[in-house]
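Taking it in order: structure first as structure tokens, then the write-up.
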Amino acid sequence: MVAKGIISIEHISKGFPDQKSQQGKIQILEDVSLHIEPGSFVSIIGPSGCGKSTLLRMISGFLFPDEGTVQVDGKEVKGPGVDRGFMFQDHVLFPWLTIYDNIAFGLKAQGVYPDLKDNVDKIIHKVGLDGYADHYPYQVSGGMQQRASLARALIGRPKILLLDEPLGALDAFTRMTMQDEIHRVWEESHTTMIMVTHDIEEAIYMAQKVVVLSSHPGRIIKEIPIQLQEPIDRESVAFNAYKTEILEALHYGEQPSLKEDCHVG
């Protein structure tokens, strides 16, 4: 039996039309291959424009590679599916729906809400939104909005959750709280999670493996397994050694404007 949540990316390349010259393509990703184990947490980091989000969208099925293949559990990705949840940087909640109805929206759209309605209350509790189910998005904080987005992405119990800089718009304290929340949910759910981030500390803190991409066209410079003892100490020698390793990988990849594109803490 094939395990759930295995992602196999083989020699993918992707370009987009050059809007300036109106001629040819700008190559975004080039010959990227990556294997992601089921139930693992992988961070993808690299400068702006290196194709991090493009890679995530090809796993989701929103985009397709020009060359190569993306497979989930041995089957080529042909489009979006309920086996893959997506969490964006902005909460993208429907403002006219309550937190409860936003979270339940996918179940209702699939026609499975009557059978799975108990899961809504369970996921609301899991992400710490007890007492806020009847509130509208504008009535809760940014952190709570992102908790609701996380709950909505998880409600269908996807095998894979794709996170596209989901915490980038939050203040530092809320961001750290949400890092812990996502990490806790991952440990409990055993969902395969892939997160795009510009923040080096966040990449290390959240993941079991950090994948470093070069400037466009994006290529994998290095895959760094993260082995830190819980609870993770951001000031430890081991943690800072990983920061140095990632920075050196980006430097050797000849990244321009590194200080602007990737943040340390």
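Here are some notes:
- Residues in the range 84-106 that are of a type outside the set (A, V, I, L, M), part of a loop (DSSP other than H, G, I, E, B) and open to solvent by 40 Å² or more (accessible area, probe 1.4 Å): F88, Q89, D90, H91, F94, P95, W96.
- Positions within the range 137-162 being under 17 Å from M87 (Cα atoms), open to solvent by less than 50 Å² (accessible area, probe 1.4 Å) and in a loop (DSSP other than H, G, I, E, B), in sequence order: I155, G156, P158
- The range 120-136, residues that are assigned to a helix (DSSP H, G or I) and over 10 Å from I103 (Cα atoms): K122, H125, K126
- Among the residues listed as S43, S13, the single one being out of contact with any Gly (no Cβ under 7 Å at 6 or more places or on another chain) and touching a residue at least 24 places away in the same chain (Cβ under 8 Å): S43
- Scanning the range 65-82 for residues that are open to solvent by 40 Å² or more (accessible area, probe 1.4 Å), in contact (Cβ under 8 Å) with a residue 40 or more places away in the chain and within 18 Å of the chain's Cα centre (by Cα) yields Q71, V82.
- Just one of (1) closer than 16 Å to S215 by Cα; (2) buried (at least 21 other Cβ atoms within 10 Å of the Cβ); (3) not aliphatic (A, V, I, L, M) fails for G49. It is (2).
Conditions tested, residue by residue: (1) surrounded by 12 or more Cβ atoms within 10 Å (Cβ to Cβ); (2) more than 21 Å from S13 (Cβ to Cβ); (3) touching a Pro at 6+ places or on another chain (Cβ under 6 Å).
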{"site": "R219", "(1), (2), (3)": "yes, no, no"}
{"site": "E223", "(1), (2), (3)": "yes, no, no"}
{"site": "Q227", "(1), (2), (3)": "no, yes, no"}
{"site": "E230", "(1), (2), (3)": "no, yes, no"}
{"site": "R234", "(1), (2), (3)": "yes, yes, no"}
{"site": "V237", "(1), (2), (3)": "no, yes, no"}
{"site": "Y242", "(1), (2), (3)": "yes, yes, no"}
{"site": "I246", "(1), (2), (3)": "yes, yes, no"}
{"site": "H251", "(1), (2), (3)": "no, yes, no"}
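- When we screen D121, D134, D171 for residues that are out of contact with any Leu (no Cβ under 8 Å at 6 or more places or on another chain), free of Cβ contacts under 8 Å to residues at least 24 places away in the same chain and open to solvent by 10 Å² or more (accessible area, probe 1.4 Å), the only hit is D121.
- Contact map, the range 87-114: residues that are closer than 27 Å to A169 by Cα and of a type in the set (D, E) paired with residues that are at pLDDT 90 or above and open to solvent by less than 80 Å² (accessible area, probe 1.4 Å), Cβ distance under 8 Å, separation 6+ or inter-chain. Pairs shown: D101/F94.
- Residues of the range 23-43 classified as acidic (D, E) and within 20 Å of the chain's Cα centre (by Cα), total: 1
- Given (1) free of Cβ contacts under 8 Å to residues at least 40 places away in the same chain; (2) open to solvent by 60 Å² or more (accessible area, probe 1.4 Å); (3) of a type outside the set (A, V, I, L, M, F, W, C), number of the condition D18 does not satisfy: (2)
- Qualifying residue in the range 187-200 (condition: assigned to a helix (DSSP H, G or I) and crowded, with 22+ Cβ neighbours inside 10 Å): yes
The values are calculated or read from the model by the stated rules, or taken from the named source; none is laboratory data. Here the structure is a predicted model, which means the values were calculated and not measured. Every residue, glycine among them, receives a Cβ derived from its backbone with ideal geometry; neighbour counts consider all protein chains shown. Ligands, DNA and RNA are excluded from the accessible area calculation, which covers all protein heavy atoms including side chains. Shrake-Rupley method; radii C 1.70, N 1.55, O 1.52, S 1.80 Å.
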